[in-house]
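Notes follow once the structure below has been shown.
The values are calculated or read from the model by the stated rules, or taken from the named source; none is laboratory data. Quick caveat, the model's predicted, so the values are computed rather than measured. Note: ideal-geometry Cβ built from the backbone for every residue, glycine included; neighbour counts use all protein chains shown. For the accessible areas, the whole protein counts, side chains as well, though only heavy atoms, and no ligand, DNA or RNA atoms are used. Shrake-Rupley method; radii C 1.70, N 1.55, O 1.52, S 1.80 Å.
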Amino acid sequence: MKDMRHLFPEWSAHMEAFLRSFSLVNAEINIHLTVKVDQHTVQYAFGAKVKKKLKLFSPVPLKLDVTCNTQPAIYGKERCWCLGGHPVCGSRLHVSIPPHAMDQGLFGDLSIQFVTLLSPCVLQYPNLATHISNIQLMVFNPSRVPVLKVPRFFQTLPAFLDFEDLGVDTLHCSSKDVQQLCGTSTYTSEPPSCSGPQQETSAVWQRVLVFLFLQLTDPFTSQLTDVMATEVLIERHLEDILNNNRHAMTVALQSELRNTLKAHNCRKKIKEKLNSAAEVILSSSISIVSCSSNLDFRRDCLNRMKVRDTQELSAAFGESLRRVTSWKCVPRHSCYSAKVRGMFAYRHVSGLVLICCHFHFSTDERTFRV
Amino acid sequence: MEAHRLQDFTEIDKLRLQLLNNSKDATSFHHLEAEVCPSSRDILNRIEDIILGIVTSLSQDEAPVLKLPNRSSWANISFDSTVGLQMNSGHSVTALRSDSPSSVNKFAQVLKILSVIYRLVQSNTYATKRDIYYNNTQLFGSQATVDSIVDDISCMLRAPRRSLHVLATSKGLISGDLCYMEEDGMRIDCRSSSAVNIVSSAKFIIIVEKDATFQRLMDDDFCTKLPPCVIITGKGVPDMNSRLMVRKLWDTLHVPIFALVDSDPHGIEIMCIYKYGSMAMSFEAHSLTVPSVMWLGLLPSDLQRLQVPSDVLIPLTKNDEKKLSSLLQRPYLTDQPDWQKEMEVMQRTKVKAEIQSLAAISPDFLTNIYLPNKLRYGGWV
């Protein structure tokens, strides 16, 4: 793929982010993008490999793209890996509309439906340690289109969240760490200092995606033009709406994140238990080998681990034990499993660079061209 | 006077002859003793096999697993009338996985104790279970954990606990016409487990359930009033050393052994432990059980016969009735129809009584009337 980014203006990144976010929550729609600049033509496609349907309050079910392209560093034999995610439908928060928004014509029952997703999925590896790399908040209007302008509310939100309570105290966020792009606020953190090489090979970085779906119920709005006008009003007053419901929003988000990160915190406890026991197992076993006068036994132990002496045996034993316990696999029917093998560099598959002046949407039912 | 006194207890002599005729050749017991007592080198080899198994698993990129015989399942136990309850050769096992949070702690605890035992056996030194616990209280959490794991290891290595060089703090008491020497020639008190050269002219042995009853007999000089005898108590549920001692006395003296327990399901169960063994220690039944133990008292039928006052009788609780029903289901009861009848009496009357209840008849009834008459006239089942 040619890197054409240098040819196109900055809004291309916003376009890409918009289409990506749109595609995430409208997984039934395949997006084909053709870009023509002078003599150069590039084609892109947005589509979901792994989809998950969720029933929300809305009559139209939500179809999320839960494809996960992240693979961890895997050592040794072929292993199962889940190529999708398992979104969780959270709470629905009713928010009040500020008076001046009502003066402008915004009426009805406004609420925010939270959906969270922890990615990549490591449910099949209950002993694997995880770190949280970032938390992304994505806001969508009632038509499930990403909100273009992200409210400043989300910039200041980290100051009101209790990250220690969430068990992600390594996530140190200030407003400058918050990236905002087309409806998405991302709170990133510095990676924790590694205490040893085994930390890198047996821990997986996860991100938390929090989808905030705005929903409006107004029995007097039924015409398409009215719906579109209402959505414009919501976006225009979103900052005020959020500020008007600051406390409730903060509490709701804290609760959603806490529920999502419960699994992550359980893993920490499991990891501590396994590590603590591993130290005892290692020291007891090596102690027996070291003080044994049975040469055959000692030689067999060294040969099996392919080492030369008890010092190397201790290192190899410890490393092996940590690896086999970390990578214990418990297959799950609900996971989108595929076999992966060998040593891979830890990578994220970054989004495609999109520069567009031409849109082409297609679904099973209809095709859109912009 | 002495001759007259001994003549009164001819029933005991008859019982002894009967027991000697029924029991196997004494040499077979010693042979069995050697079989179940592996050497130090055997113990070390067996521990090394376990470690090699762990290393092999890791070399194959698999999580190590320890397999412990399941000592708490009736499915693993069979009954032999000459031995008692014993563990089947094809018993089920519990798998301790090193990659499971629920079992990794126990895995580590077992390995730790194995490494302690390895060093003890190698250096020919000894430690008590209490020492092992106190050396690492954080890992083990409680004394009970250490006790249970030591027994698990004993079963896993197919070796009695004494071969692992792990001792228990003694619990039982013994008194009577008995003296013995340790292997090093020292005459020691009755709490040693390595007794040899037992010398005794005792005609019978009485196992007493409770310490209180034991002390009562001591206070009343019971052992001097009757023919030579030995009394022993495990102070309730007996520990291994007490059971080993009873077994040792049987192997050496081959005299009748009687049980004096409360007339309640708990007392009967304690008596069954001496006679047939326990589920938890069934893998060591050969060295711990004495199937020839007879039930001397306090029998449920004695309560009616002696017209023990009703105000000292206690109604059976729901747990008592449950335990009684469970005892009646035990495989060894089919071998003991007289015991079954006594337990059915208890089930019918729905009452229990402690040995101390005999004091309601008269203060010295137990020592001066009840026991002498029982022993004189063969009042055991």
Legend entry - Residue ID - farthest from the chain's Cα centre (by Cα), chosen from residues in region B:135-149 that are assigned to a helix (DSSP H, G or I) and at pLDDT below 90: B:Gln138
Legend entry - Matching residues in region B:119-139 - criterion: being within 13 Å of chain A (Cβ to nearest Cβ) and open to solvent by less than 100 Å² (accessible area, probe 1.4 Å): B:Leu120, B:Val121, B:Gln122, B:Ser123, B:Ile132, B:Asn136, B:Leu139
Inset, instruction - Might you let me know whether region A:274-288 holds any residue that is in a helix (DSSP H, G or I), within 14 Å of another protein chain (Cβ to nearest Cβ), touching a Pro at 6+ places or on another chain (Cβ under 7 Å) and in contact (Cβ under 8 Å) with a residue 40 or more places away in the chain? - result: yes
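Checking the structure you have, find out if any residue of region B:301-311 is acidic (Asp, Glu), touching a residue at least 12 places away in the same chain (Cβ under 8 Å), surrounded by 16 or more Cβ atoms within 10 Å (Cβ to Cβ) and under 25 Å from B:Arg243 (Cα atoms). Steps first, please.
So in region B:301-311, the residues acidic (Asp, Glu) come out as B:302, B:311.
Now narrow it down to the ones that are touching a residue at least 12 places away in the same chain (Cβ under 8 Å): B:302, B:311.
Still in the list and also surrounded by 16 or more Cβ atoms within 10 Å (Cβ to Cβ): B:302.
So of that shortlist, the ones also under 25 Å from B:Arg243 (Cα atoms) come out as none.
No: region B:301-311 contains no residue that is acidic (Asp, Glu), touching a residue at least 12 places away in the same chain (Cβ under 8 Å), surrounded by 16 or more Cβ atoms within 10 Å (Cβ to Cβ) and under 25 Å from B:Arg243 (Cα atoms).
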Legend entry - Residue in region A:214-229 that is among the β-branched types (Val, Ile, Thr), open to solvent by 30 Å² or more (accessible area, probe 1.4 Å) and within 20 Å of B:Ser57 (Cβ to Cβ) present: no
Inset, instruction - Assess whether A:His94 counts as being assigned to a strand (DSSP E or B) and surrounded by fewer than 17 Cβ atoms within 10 Å (Cβ to Cβ). - result: yes
Legend entry - Residue selected from region A:111-127 under the condition crowded, with 21+ Cβ neighbours inside 10 Å and among the aliphatic types (A, V, I, L, M), by the criterion nearest to the other protein chains (Cβ to nearest Cβ): A:Val122
Legend entry - Number of the condition not met by A:Asn259 [criteria: (1) open to solvent by 30 Å² or more (accessible area, probe 1.4 Å); (2) at the interface with chain B (Cβ under 8 Å from one of its Cβ atoms); (3) among the polar types (S, T, N, Q)]: (2)
Legend entry - Selection within region A:1-35 - at pLDDT 85 or above and among the hydroxyl-bearing types (Ser, Thr, Tyr): A:Ser21, A:Ser23
Legend entry - Selection status of A:Thr230, part of a helix (DSSP H, G or I) and hydroxyl-bearing (Ser, Thr, Tyr): yes
Legend entry - Selection status of A:Lys269, over 29 Å from A:Arg20 (Cβ atoms) and not small (Gly, Ala, Ser): yes
Legend entry - Counted residues, region A:30-40 - those being open to solvent by less than 80 Å² (accessible area, probe 1.4 Å) and without any contact (Cβ under 8 Å) to a residue 40 or more places away in the chain: 1
Inset, instruction - For A:Val324, state whether it is within 9 Å of chain B (Cβ to nearest Cβ), modelled with pLDDT of 95 or more and not in a loop (DSSP other than H, G, I, E, B). - result: no
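Given the criteria farther than 21 Å from A:Arg79 by Cα, more than 8 Å from chain B (Cβ to nearest Cβ), part of a helix (DSSP H, G or I) and not polar (S, T, N, Q), does A:Arg299 qualify? Step through it out loud before you land on a result.
Details: farther than 21 Å from A:Arg79 by Cα: yes; more than 8 Å from chain B (Cβ to nearest Cβ): yes; part of a helix (DSSP H, G or I): yes; not polar (S, T, N, Q): yes.
Spelling it out, A:Arg299 is indeed farther than 21 Å from A:Arg79 by Cα, more than 8 Å from chain B (Cβ to nearest Cβ), part of a helix (DSSP H, G or I) and not polar (S, T, N, Q).
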Inset, instruction - Evaluate region A:296-316: report whether one residue or more is under 29 Å from B:Pro101 (Cβ atoms), touching a strand residue (DSSP E or B) at 6+ places or on another chain (Cβ under 8 Å), among the polar types (S, T, N, Q) and modelled with pLDDT of 80 or more. - result: no
Inset, instruction - Kindly list the number of the only condition in (1) out of contact with any Ser or Thr (no Cβ under 8 Å at 6 or more places or on another chain); (2) over 16 Å from B:Pro265 (Cα atoms); (3) surrounded by 18 or more Cβ atoms within 10 Å (Cβ to Cβ) that fails for B:Met343. - result: (2)
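Could you tell me which residue of region B:175-223 is least open to solvent (accessible area, probe 1.4 Å), considering only residues that are small (Gly, Ala, Ser) and modelled with pLDDT under 70?
Residue satisfying both the conditions and the ranking: B:Ala195.
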Inset, instruction - Go through (1) open to solvent by 40 Å² or more (accessible area, probe 1.4 Å); (2) at the interface with chain B (Cβ under 10 Å from one of its Cβ atoms) and name the single condition A:Gln311 misses. - result: (2)
